[in-house]
Amino acid sequence: MPGSVTPPSPTTPDAAPASPVAVTGPAHLLRVALLMAGSCLPILGAVLIAPVLPQMQDHFESVPGAKALVPLALTVPALALALLAPFAGVVVDRLGRKRLLIVATVLYAVFGTAPLWLDSLGAIIASRALVGVTEAAIMTCCTTLIGDYYSGRQRVKYLALQTMCASASATVFFVIGGAAGSAGWRVPFWVYAVSLVIAPLMAMVLPNPAGRASADEAPVAGTAARRPFPWRQLGGICALTFFGAMVFYTVPVEMSYLLDDLGVENSGMIGLATAIASAATVGGAITFARLKRSPEPMLPAVLAVCAAGFGVMFLAGSAPLLVIGAVINCVGTGMLLPALLTSAMSRLAFEDRGRGTGLWTAAFFGGEFVCPLILLAGESAVGSLAGAVGLLGVVTALVAGGLLAARRRAGAVDAQPVPEPSA
């Protein structure tokens, strides 16, 4: 078709050109640390105040609808992030990654600490929504900059490291929130001020990326200044990411409820089980970073591992077996997230990377937001949470089978000889 863009063929990470920035030395280590710290800020917003929600509930018990409104203080940032990440991506491409990242990181502290002085529950929820706005910009900018600074094996390595840091930080922030909450429900909000330390360092250390063409990026059609955004290439991976986010967040969100159904009520045991599952996610991300393969062919196998974990969790009649199933699942999800993100990055040229990353981020956090709702609907349909998890496992296996069949069909088409033109 005239004017169409040929989809990029999956390439092995080793075939990509060298990273455009130094990958050794103190400056490199500080740059990576800042990008990882920035990537953890949205996780901070998602889990930090979870331990103090009961205290907030008691404080605002006289407010009409407080039982429904207080949990919104925890979940509304993720919803705002999912809705606004695509717009953040457009701003990233137009105004620049570094400038937006620094501004958003400063505002994150302003809005994040606002509940320290606010007395209205409605105002607190509004400030939490604004935290989600800044998180959308921060996550989009950090992920886009990883794609800008690194390519090939380095890009795979640091996208996997991003997953590892996010997974590990969730457990750390939950512990910090619980410890700080013992001094009062407002105290954990002071932790948001940490971004005021990060922002100046970002301004000093992070270089402004320059556009480049490389073998692992989507090709540009000709030399025209305007070209179509690769909606078709990115749409499939974003849809898969939306589903993958539900798979990714099932264990963190539902593990405590599943253990409770098995008679485990000790909060220490529940925390230990969740920490073991989080460690398995980190292990999966490390495994992904060490595999020298293109991410897309791995997706069916990775989803199959996730489905197997769900199957064990569904069949588990005891807490140890449930934890084993969660570990299997989380090894898969630790590989799933960087595989999806690396696959999305490979479809984007520099000029489109901010918008594309924003769309991917929106798909991921949208899937996170609906995850408990989908499982609640499944529980109503089949009669138990374990049954809903098993049903999600069946769907995950079907998706894995569909991806494998699609790859085989594509391979069969590519293998067919080109017909000779008739004389």
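The values are calculated or read from the model by the stated rules, or taken from the named source; none is laboratory data. What you are looking at is a predicted structure, and each value in this text was computed from that prediction instead of being measured. Neighbour counts are summed over all protein chains in view; Cβ atoms, including those assigned to glycine, are modelled from backbone coordinates with ideal geometry.
Structure data summary
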| read-out | value |
| --- | --- |
| Which numbered condition LEU262 fails, given (1) farther than 30 Å from ALA88 by Cβ; (2) crowded, with 19+ Cβ neighbours inside 10 Å | (2) |
| Residue satisfying condition, being among the aliphatic types (A, V, I, L, M) and either within 23 Å of PRO64 (Cα to Cα) or out of contact with any Ser or Thr (no Cβ under 9 Å at 6 or more places or on another chain) (or both), within set ALA104, ALA126, ALA109 | ALA126 |
| Within the stretch 23-63, considering residues that are among the small types (Gly, Ala, Ser) and without any contact (Cβ under 8 Å) to a residue 40 or more places away in the chain, the one surrounded by the most Cβ atoms within 10 Å (Cβ to Cβ) | ALA33 |
| Out of GLY45, GLY38, sole residue that is within 16 Å of ILE138 (Cβ to Cβ), at pLDDT 80 or above and small (Gly, Ala, Ser) | GLY38 |
| Residue check, THR113 within 13 Å of ILE49 (Cβ to Cβ), under 22 Å from the mean Cα position of the chain (by Cα) and of a type in the set (S, T, N, Q) | no |
| Top-ranked residue in the stretch 218-243 [being of a type in the set (A, V, I, L, M) and at pLDDT 85 or above; ranked as farthest from ALA388 (Cα to Cα)] | ILE237 |
| Selection status of MET246, under 20 Å from the mean Cα position of the chain (by Cα) and at pLDDT 90 or above | yes |
| The stretch 247-270 residues that are in contact (Cβ under 8 Å) with a residue 24 or more places away in the chain, paired with ones that are charged (D, E, K, R) (beta carbon under 7 Å, 6 or more apart) | TYR249/GLU368 |
